[in-house]
Amino acid sequence: MNATIALYLAQDGIINGAIYALLGVTLVLVFAVTRVIFVPQGEFVAWGALTLAALDAGSVPGTAWLLVVMGIAATVLDTLRQSKTITLHAIGGMVVKDIALPVLLLLAVQAIAPGKPALWISVLLTLALIIPMGPLVYRLAFQPLADATVLTLFIAAIGVHFALIGLGLVFFGAEGFRTTPFIAETFRVGVLAIKGQSLAVLGVTAMLLAGLYLFFERTMLGKALRATAVNRLGARLVGIPVRSTGRIAFALAAAIGALSGMLIGSLTTIYYDSGFLIGLKGFVAAIAAGLASYPLTVMAALGVGLLEAFSAFFASAFKEVIVFSIIIPLLIWRSLKAPHSDEEEE
Amino acid sequence: MGLFSSNRAVWLGLILAFAAIPLIPGIPDFWITLWDYIGLYSLVAIGLVLLTGVGGMTSFGQAAFCGFGAYTTAVLTSQFGFSPWLTLPFSLATTGLAAFLLGLVTVRLSGHFLPLGTIAWGISIYYLFGNIEVLGRYDGISGLPPFTFFGHSLIDARAIFYLIWLCVLLAVILSLNLLDSRMGRAVRALRGGSQAAESFGVNIPRVKLVVFVYAALLAGLSGWLYAHMQRAVSPSPFGINAGIEYLLMAVLGGSGYVLGGVLGATIVIVLKDHLQNILPKLIGADGNFETIVFGILMVAVLQLSRNGLWPLVQRLLPKPAEKTVDESAPALALRTMPERGALLLEVAKARKQFGGLVAVNDVSFAVKAGEIVGLIGPNGAGKSTTFNLLTGVLAATSGSIRYRGEDIAGLKAEAIAARGIARTFQHVKLVGSMSLLENVAIGAHLRSGAGVLGSMLRLDRTDEARLLREAARQLTRVGLGAHLHKPAASLALGQQRIAEIARALCLDPALLLLDEPAAGLRFAEKQQLAELLSQLRSEGMSVLLVEHDMDFVMKLTNHLVVLDFGEKIAEGSPAEISVNPVVLEAYLGGVE
């Protein structure tokens, strides 16, 4: 290995690491606010990339249909669950928000897509399609389990992952796709060729992380989310609606997932099930940071990205083995650091 | 529990009827093959039931353990010419060793880190199997020999049916036996009661590891059978998706019930078979679309019936008989009690700091044998923290705690329990779903040595009878004799507190630490409790008592220690304390 290869691998590692950092931070956020270990985060990544790819190709992405289906399911189930207390007004609200809007969006996509819209329009459409899915998933799967243990929520998250992976296969097929890069040019710095898309990844990641920081530090909503994370009961007592903080956390997760997917969609081929492994690498980082610290998660994610890039060079077949085995020493370290496991919940 | 001791005839009938299925003429081979698979998956699911439903630990990596079992026998039979029967110990050994090492790392972690860890190794082991030359990479190893039985090879689905289901039957019996034993109670206490179990001498990390390895061994057994039924192995059945399906089986069937594992496996396999036929036609493409239904099913079961479907089936089956207490079982050996009036516990300058906060500030006091000493003080005075220091739940920052002449500061909770210090908790810590009798029997954990293997093989019955008799005796003594078989959660809070005293008495303690035992009791119940404690004192037991009911404390205790803001502000006889100005000021505020 020479310096050029090392630099190339480092670039690759940092780019992937930036994506893992975004996902890892979101996982920590969702866990803190809702106690859900959100494994299906990866599906939003894949769907973001695949939706953009479909729009690129001038076809209507399956997610446009899926959003309508999920909206109907959520409306029906929420109505059934609260059949005794719900008002007609509330049902009407859901019909407008969860069914009519997605249908309008579907019609819009059907009208726009065949004309192969400009990239920025496709990106906005993709976000408009994926972001509402976050809160919908929360309502369908997790809200009724809000009082359950972390373990139960985790098992439910795995169930959601299973269902979404299957739906991804239905709506996108088994074929893999690549998207158009945001920045197509390649820049030369000395011996190193830097892809414009890499810069886009780093730029967007930095902006998002900074945005999240400002959101949590400066806005009331961000503070409400943090308060929920620290103490759910306390947050409720001071009037923070814990349900809507959950929905907001999931909306953020979907948004960041979809953006991550659109960013890496041009760097690697994405299949309907690619998101799982990508998301799990974000998890490795989040676990390294104890599912608690945001800055540590970002650092650990860069570490995971670099480890992956270099192991891909030295032992490409064992790349995944190495990346996922690293979790074992990390867990040992965690268990030594916190030798007294607290009384488990029941 | 006790499923096979009672209603034996019914169960024997069910088993025989099941065994007759392959003999019925006209049943298609295909059905039998499906049942073979159900058996294989049941083995894994039963292990998961014990691990997840009973022990509260979740693993998505069970498929990987199947892989260890399957690949071990595949390599040994295909490359070293072993007979399939002979490889069983090797398959189990590699699986067990892998589980032991992984478990050593992960079972100490709280809640969700374990399942996350299992996902990670589930994935990495799949890729490992797929990249090792000796294991045939992603193609795997094929052409494995079938099992042979007296010259007959068990290639036919009907022939291997009996081998597989014999293994399932054994797994069910061994698992039920295990749960219905001393170690089983410790396993069942892992969910929500591990701190209490620890203070009665249960070595929690060890119990977790035992369940973890046992569940893995069942998976390894399943893998061993699978290898010679399929006569080929490849990485895909041992990947993370298979691991998730196993967990679905446990959740669906009812993760607290051994037979729920079999039910869950049956539903998943039958459903999968149907969905794999129907869905691709419906959707018009090939693929594993059944995951959509499985995923939704998993979430729906958690939302609608968190205990799974087995409780619904159980209603149709004969009720398992109540546990019987054998009154003639010999009593357990007793500890030699210290001589009345001897110095039993001596706390000298005990200190506990949490960062800058000094919760217990150089507190000193002593308890003599045959005394009831009250530890009183306003809320936040450090009473419960002092209890936690004495029982090893927390380690003292400095100072010494001597018990019968030995320094016990820094010893673990189990070691302190072994020396004869038993406690109750301010917040009741009983396992709600377990009967009162079994909850209380955990108190006697250290008075028997029955191990895991002995319990599975039912060699522990004499010991077990003695433990249960002791538990029943103590419950009767505290006045709960009528509620032995009720689940602990069904009792009033006051009664649960009293049950905790019975559990503590089961340890045969020389020193009893009671944390607010009278809270939530009615007047008559308080009087009974006071009588019981006086009687224990007259038998030579020493009691250290935290209590807010001053009337109760003043009438009962020989000596009082008063704490305020972590410091001892006074000590003396109840009469002295009741007129002590410092104490009055702490309780009632200063007299201006």
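The values are calculated or read from the model by the stated rules, or taken from the named source; none is laboratory data. Everything numeric in this text was worked out from a predicted model, so none of it was measured. Counting neighbours? That spans all protein chains shown, and the Cβs are built from the backbone with ideal geometry, glycine included. With ligands, DNA and RNA removed, areas are computed over all heavy atoms of the protein, side chains included. Shrake-Rupley method; radii C 1.70, N 1.55, O 1.52, S 1.80 Å.
Quick check on this structure: which one of B:Leu114, B:Leu128 is more than 14 Å from A:Ile322 (Cα to Cα) and within 14 Å of chain A (Cβ to nearest Cβ)?
When all the criteria are applied, what remains is B:Leu114.
Assuming B:Phe68 fulfils every condition listed in (1) away from chain A (no Cβ under 14 Å); (2) more than 21 Å from B:Ala171 (Cβ to Cβ); (3) open to solvent by 10 Å² or more (accessible area, probe 1.4 Å) apart from one, which condition is it?
Condition not satisfied by B:Phe68: (2).
Quick check on my filter: what residues within region A:173-187 are more than 16 Å from A:Ile264 (Cα to Cα) and open to solvent by 50 Å² or more (accessible area, probe 1.4 Å)? Break it down stepwise before answering.
Of region A:173-187, the ones more than 16 Å from A:Ile264 (Cα to Cα) are A:173-175, A:187.
Correct list: A:Ala174, A:Glu175, A:Phe187.
Among all residue pairs at least 6 apart or on different chains, which show Cβ distances below 7 Å where the first residue, located in region A:202-223, is farther than 14 Å from A:Leu259 by Cβ and assigned to a helix (DSSP H, G or I) and the second is open to solvent by less than 50 Å² (accessible area, probe 1.4 Å) and of a type in the set (Gly, Ala, Ser)?
Correct list of pairs: A:Phe215/A:Gly222; A:Phe216/A:Gly222.
Within the group A:Gly190, A:Gly211, A:Gly203, A:Gly196, which residue is touching a Pro at 6+ places or on another chain (Cβ under 9 Å), surrounded by fewer than 16 Cβ atoms within 10 Å (Cβ to Cβ) and more than 14 Å from chain B (Cβ to nearest Cβ)?
That would be A:Gly196, the only listed residue that is touching a Pro at 6+ places or on another chain (Cβ under 9 Å), surrounded by fewer than 16 Cβ atoms within 10 Å (Cβ to Cβ) and more than 14 Å from chain B (Cβ to nearest Cβ).
Being open to solvent by less than 20 Å² (accessible area, probe 1.4 Å), within 14 Å of chain A (Cβ to nearest Cβ), without any contact (Cβ under 8 Å) to a residue 24 or more places away in the chain and among the aliphatic types (A, V, I, L, M) is true for just one of B:Ala98, B:Ala120. Which residue is that? So that I can check it myself, show each step before the final result.
Numbers: B:Ala98 fails: without any contact (Cβ under 8 Å) to a residue 24 or more places away in the chain.
When all the criteria are applied, what remains is B:Ala120.
Which members of region B:211-260 meet the condition of being hydroxyl-bearing (Ser, Thr, Tyr), within 28 Å of the chain's Cα centre (by Cα), within 14 Å of chain A (Cβ to nearest Cβ) and assigned to a helix (DSSP H, G or I)? Steps first, please.
Taking region B:211-260 and keeping what is hydroxyl-bearing (Ser, Thr, Tyr), we get B:214, B:222, B:226, B:234, B:236, B:246, B:255, B:257.
Still in the list and also within 28 Å of the chain's Cα centre (by Cα): B:214, B:222, B:246, B:255, B:257.
Now restrict to residues that are within 14 Å of chain A (Cβ to nearest Cβ): B:246, B:255.
Of everything in region B:211-260, just one residue is hydroxyl-bearing (Ser, Thr, Tyr), within 28 Å of the chain's Cα centre (by Cα), within 14 Å of chain A (Cβ to nearest Cβ) and assigned to a helix (DSSP H, G or I), namely B:Tyr246.
Among the candidates B:Ser448, B:Ser384, which residue alone is outside the structural domain of B:Ala489 (by TED's automatic domain parsing), modelled with pLDDT under 90 and surrounded by fewer than 23 Cβ atoms within 10 Å (Cβ to Cβ)?
Checking each option against the conditions leaves just B:Ser384.
Among the helices (runs of 4 or more DSSP H) confined wholly to region A:1-101, which include 1 or more residues that are among the aromatic types (Phe, Trp, Tyr)?
Fully inside region A:1-101 and qualifying: A:3-34, A:41-56, A:62-81.
Applying the selection to region B:458-482, what residues are open to solvent by 10 Å² or more (accessible area, probe 1.4 Å) and not in a helix (DSSP H, G or I)?
Correct list: B:Arg458, B:Leu459, B:Val478, B:Gly479.
Quick one: B:Leu453 ticks every box in (1) part of a helix (DSSP H, G or I); (2) open to solvent by less than 40 Å² (accessible area, probe 1.4 Å) except a single one, so which number is it?
Exception for B:Leu453: condition (2).
Would you pick out the residues in region B:284-298 that are within 32 Å of the chain's Cα centre (by Cα) and within 7 Å of chain A (Cβ to nearest Cβ)?
Once the filter is applied, which keeps residues that are within 32 Å of the chain's Cα centre (by Cα) and within 7 Å of chain A (Cβ to nearest Cβ), region B:284-298 yields B:Thr291, B:Phe294, B:Gly295, B:Ile296, B:Met298.
Given B:Leu345, B:Leu317, which one is at pLDDT below 85 and in contact with a helix residue (DSSP H, G or I) (Cβ under 9 Å, 6 or more places away or on another chain)?
Among B:Leu345, B:Leu317, only B:Leu317 is at pLDDT below 85 and in contact with a helix residue (DSSP H, G or I) (Cβ under 9 Å, 6 or more places away or on another chain).
Looking at region A:124-148 only, could you name the residues that are of a type in the set (Val, Ile, Thr) and more than 12 Å from chain B (Cβ to nearest Cβ)?
Within region A:124-148, A:Thr126, A:Ile130, A:Ile131 meet the criteria.
Can you report the number of residues in region B:544-560 which are open to solvent by less than 50 Å² (accessible area, probe 1.4 Å) and either farther than 23 Å from B:Ala417 by Cβ or touching a helix residue (DSSP H, G or I) at 6+ places or on another chain (Cβ under 6 Å) (or both)?
9
State which residue pairs qualify: first residue among the hydroxyl-bearing types (Ser, Thr, Tyr) and inside region A:138-165, second residue in a helix (DSSP H, G or I) in any location, beta carbons under 7 Å apart, and separation of 6 or more residues or different chains.
Hits for this filter: A:Tyr138/A:Gly246; A:Tyr138/A:Arg247; A:Tyr138/A:Phe250; A:Thr152/A:Leu145; A:Thr152/B:Leu302.
Please enumerate the residues belonging to region A:224-246 that are within 13 Å of A:Ala32 (Cα to Cα) and not hydrophobic (A, V, I, L, M, F, W, C).
A:Arg226, A:Thr228, A:Asn231, A:Arg232, A:Thr245, A:Gly246
On the given criteria, is B:Ile204 within 14 Å of another protein chain (Cβ to nearest Cβ) and surrounded by fewer than 24 Cβ atoms within 10 Å (Cβ to Cβ)? Before you say what the answer is, go through the steps one by one.
Working: within 14 Å of another protein chain (Cβ to nearest Cβ): yes; surrounded by fewer than 24 Cβ atoms within 10 Å (Cβ to Cβ): yes.
Considered against the rule, which asks whether it is within 14 Å of another protein chain (Cβ to nearest Cβ) and surrounded by fewer than 24 Cβ atoms within 10 Å (Cβ to Cβ), B:Ile204 comes out as yes.
Does region A:1-53 hold any residues that are at pLDDT below 90 and among the aromatic types (Phe, Trp, Tyr), and which are they?
A:Tyr8, A:Phe31
Residue by residue, here is whether (1) farther than 30 Å from A:Gln110 by Cβ; (2) touching a residue at least 12 places away in the same chain (Cβ under 8 Å) holds:
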| position | (1), (2) |
| --- | --- |
| A:Ala6 | yes, no |
| A:Gly13 | yes, yes |
| A:Ala49 | no, yes |
| A:Gly62 | no, yes |
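Tally up the residues in region A:224-246 that are touching a residue at least 60 places away in the same chain (Cβ under 8 Å) and assigned to a loop (DSSP other than H, G, I, E, B), please.
0
Scan B:Gly81, B:Gly56 and give me the residue that is free of Cβ contacts under 8 Å to residues at least 60 places away in the same chain, small (Gly, Ala, Ser) and open to solvent by 20 Å² or more (accessible area, probe 1.4 Å).
So the residue among B:Gly81, B:Gly56 that is free of Cβ contacts under 8 Å to residues at least 60 places away in the same chain, small (Gly, Ala, Ser) and open to solvent by 20 Å² or more (accessible area, probe 1.4 Å) is B:Gly81.
Determine which member of the set B:Asn307, B:Asn277 is more than 9 Å from chain A (Cβ to nearest Cβ), in a helix (DSSP H, G or I) and at pLDDT below 90.
B:Asn277
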